[in-house]
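First the structure, in the form of structure tokens, and then the observations on it.
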Amino acid sequence: MSGLSGRTVLVTRAPGQAGEFSQLLRERGATVVEVPTIEIVPPESWEDADRAIDRLPAYDWLILTSANAVAWFLRRVRERRGDLRGLAGVRICAVGPKTRSAIEGEGLAVEFQPSVYRAEGLIAEAGEGAWRGRRVLFPRAAEGRDVIPDEMRRVGAALDLVTVYRTAPSVAGRARLRELLAAGTLDAVTFTSGSTVKSFASLLEPEQIAALAGRVAVACIGPVTATEARAAGLPVDVLAEEATIPALADALEAFFERSPPSEKGGRGV
């Protein structure tokens with residue numbers, strides 16, 4: 001029997017993006033509750049992105065670090081240029097298997113994917129020489145980290161950083177989220193990005209966040225998300241070995257196999 005059998009797990013991903021994760025959890029016996037804490041919205045302005053798209057063939061590299069970035073950027077390229085032919089001579093770097101799959105699903109080839117599914121792997125694995133003096137385009141979320149921009153500038157790349165989408169707290173789920181926590185029926189809450197953590201925390205009162213410790217397992221997809229969770233005052237009970245949805249499901253299952261439920265239900269901790 002799976003360690004997730006009989007467990008109730010909260011999935012906080014954006015609307016339309018929870019499907020794969022929720023299905024994996026259900027297949028292992030979990031009861032899944034989806035309450036999106038974020039929604040994906042357009043950037044406040046397309047001006048910088050459009051300027052970059054207009055000169056797309058001039059770039060040596062295109063860096064994409066999420067499936068959202070792939071979807072929003074390529075949609076805008078099509079709107080602006082009519083098709084993706086402007087990318088024909090641009091080498092594409094993907095961070096993470098989901099990002100690679102999204103790129104290849106658009107009929108584009110990935111030139112480089114670091115083995116570590118984090119932005120830090122770009123420089124370390126490709127080497128500084130791969131980027132020095134190169135024109136690099138990096139479309140991302142408005143809330144993205146500065147690791148890639150800082151490192152690219154350090155090694156002498158000519159980087160254009162453009163915003164192609166934003167994440168915003170999904171206030172529609174506030175009442176449902178508070179209701180679930182008050183009822184005490186959740187065994188785990190899962191986070192697949194730093195933005196889901198920040199928005200989750202913004203929808204709750206500090207005392208509600210503090211009350212999770214020891215009652216609800218907090219599961220994070222990777223170290224960046226875990227850092228955001230700790231900064232929000234959340235304990236990190238479960239951390240995936242690699243930053244993928246299947247690895248997060250595996251880690252959560254393993255956690256509960258080590259932590260049998262008590263007689264009254266819940267984590268038993």
Between the range 34-94 and the range 226-250, how far is it from one alpha carbon centroid to the other, in angstrom?
28
If I compute solvent accessible area with a 1.4 Å probe over the protein chains, what percent of it on the chain is carbon and sulfur?
48
Please give the solvent-accessible surface of TYR165 in Å², to the nearest 10, using a probe radius of 1.4 Å with every protein chain present.
20
What distance in nm separates the two pseudo spin-label positions at SER45 and ALA254, each 7 Å out from Cα along the beta-carbon direction?
4.7
Calculated from DSSP helices alone, with each H run of at least 4 adding -39500 (n - 2.57) and the total divided by the residues of the chain, [θ]222 nm to the nearest 500 comes to -11000 deg cm²/dmol
How much length would be gained if the chain were fully extended between ALA210 and GLU79, taking 0.36 nm per residue of separation minus their Cα-Cα distance, in nm to one decimal?
42.6 nm
Mind checking which of GLU39, GLU207, GLU111 has the largest fluctuation in a GNM of the chain, springs on alpha carbons under 10 Å?
GLU207
At 1.4 Å probe size, put ARG134, ARG140, ARG230 in order of accessible surface, largest to smallest.
ARG230, ARG134, ARG140
Taking only protein heavy atoms into account and a 1.4 Å probe, give the accessible area per residue of the chain in Å².
45
From the alpha carbon gyration tensor of the range 63-106, can you work out the equivalent ellipsoid semi-axes (sqrt of 5 times each eigenvalue) and give them in Å, largest to smallest?
18, 12, 8
³J(HN,Hα) computed for each position of the range 124-135 - Karplus, 6.51 cos²θ - 1.76 cosθ + 1.60, integer Hz, glycine/proline x:
4, 8, 7, x, 4, x, 5, 10, 4, x, 8, 8
When the solvent-accessible surface of protein heavy atoms is calculated with a 1.4 angstrom probe, in what order do THR227, THR192 fall, highest first?
THR227, THR192
Between THR227 and ARG154, what is the label-point separation in nm under the 7 Å Cα-to-beta-carbon projection?
1.2
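Semi-axes, largest first, in whole Å: what does sqrt of 5 times each Cα gyration tensor eigenvalue give for the range 135-269?
33, 18, 11
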Tell me, what is the 1.4 Å probe accessible area of THR31, in Å² to the nearest 10?
70
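The values are calculated or read from the model by the stated rules, or taken from the named source; none is laboratory data. Please read all numbers here as calculations on a predicted model, not as lab measurements. Neighbour counts run over all protein chains shown; Cβ positions are idealised from the backbone, glycine included. In case anyone asks, the SASA skips ligands and DNA or RNA and just uses the protein heavy atoms, side chains included. Shrake-Rupley method; radii C 1.70, N 1.55, O 1.52, S 1.80 Å.
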